[in-house]
Amino acid sequence: MTFDTTGILDALDALPPGEAVFDLDGTLIHHDIGEATLRRLIARGPLPAAATAWLGTEDPWAAYVALDPVSQCVAAAVALAGLSRAEVDTLVDQAFAEGDVAPNAAVCELAAAIGRRHRVWILTGSAEVLGQAVAPRLGIQHVRGVRLAERDGVLGDTVEGIVSCAEGKVRASWVHFGRRPVFAIGDSPWDLHLLRLAHVARTTGRIAGMEFPGYPSVA
């Protein structure tokens with residue numbers, strides 16, 4: 001199916017080339033890759049100490065759900081501590097193969113169309129290494145997310161830099177791009193900070209059409 005991108009592309013054609021910023025979870029993909037991998041890590045256990053400090057040992061998933069969104073991003077990221085990138089890739093492969101996550105065809109099509117003039121970025125509250133593993137499936141090269149320290153090919157248990165969730169996405173945009181994005185799209189209230197920063201913005205999911213137009217459309 002082909003989705004109508006005309007209005008968005010016309011608006012972006014009026015702007016100089018710039019950065020187009022796409023949320024990952026719930027936007028470029030259905031569901032959440034950080035949560036899909038966290039569930040697998042909880043199931044196989046034990047979690048690394050940094051994640052246990054956030055989630056405990058009694059019911060880590062319930063503890064995760066009870067956290068605020070920014071803390072959820074950190075807890076899910078540090079749960080990857082001790083893994084190699086190859087092990088992360090395997091977790092991501094499993095999540096896609098088992099249907100826990102899947103590309104959102106409409107938004108991926110939009111990213112490809114915008115990418116003919118502007119540079120497309122994934123800016124995610126999930127671990128950056130997860131975004132990097134997902135990006136080739138979506139035809140996207142550039143990724144920013146929650147960055148873990150890494151040494152000798154193994155992920156560490158500390159977050160480096162900005163936690164790119166909620167207002168953190170705005171700070172990350174200024175730090176990494178040095179200017180307002182030409183375009184942004186996200187699915188949750190925690191993306192609204194970034195959408196308000198962009199010259200052109202759309203929403204999917206829970207906030208579609210509430211403040212910005214939905215994409216591809218809302219009833």
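The values are calculated or read from the model by the stated rules, or taken from the named source; none is laboratory data. Please read these numbers as outputs of a predicted model, since none were measured by experiment. Using ideal geometry, Cβ is built from the backbone for each residue, glycine included, and neighbour counts are taken over all protein chains shown. Note: accessible area is taken over every heavy atom of the protein model, side chains too, but ligands, DNA and RNA are not part of it. Shrake-Rupley method; radii C 1.70, N 1.55, O 1.52, S 1.80 Å.
Observations on the model:
- Among (i) 1.06; (ii) 0.94; (iii) 0.97, the entry derived from the coordinates for Rg/Rh (Cα atoms, Kirkwood Rh): (iii)
- The angle separating the long axis of helix 69-78 from the principal Cα axis of greatest extent in the chain is about 50 degrees.
- Selection among 195, 48, 154 by position relative to the dipole of the chain gives 195 as farthest towards the positive end (Cβ unit charges, Cα centre).
- About its Cα centre, the chain has a charge dipole of approximately 600 debye under the convention of +1 per Lys or Arg Cβ and -1 per Asp or Glu Cβ, with nothing else charged.
- Portion, in percent, of the accessible area of region 73-152 that falls on carbon or sulfur, probe 1.4 Å: 44 percent
- Nearest-20 debye value, region 110-219 charge dipole, Cβ charges on Lys, Arg, Asp, Glu: 540 debye
- For the pair residue 71 and residue 179, a Förster radius of 30 Å applied to the C-beta separation gives a FRET efficiency near 0.55, rounded to the nearest 0.05.
- With the cut-off at under 11 Å, measuring from each backbone N in region 181-204 to a point 7 Å along the Cα-to-Cβ line of residue 14 picks out 200.
- Folded to 0 to 90 degrees: helix 167-177 orientation relative to the chain principal axis, Cα: 70 degrees
- Cα long-axis angle, helix 33-44 against the chain (0 to 90 degrees, to the nearest 10): 10 degrees
- Residue among 69, 82, 213 farthest towards the positive dipole end of the chain, charges placed on Cβ: 213
- Accessible area per residue, Å², region 2-84 with all protein chains present, probe 1.4 Å: 43 Å²
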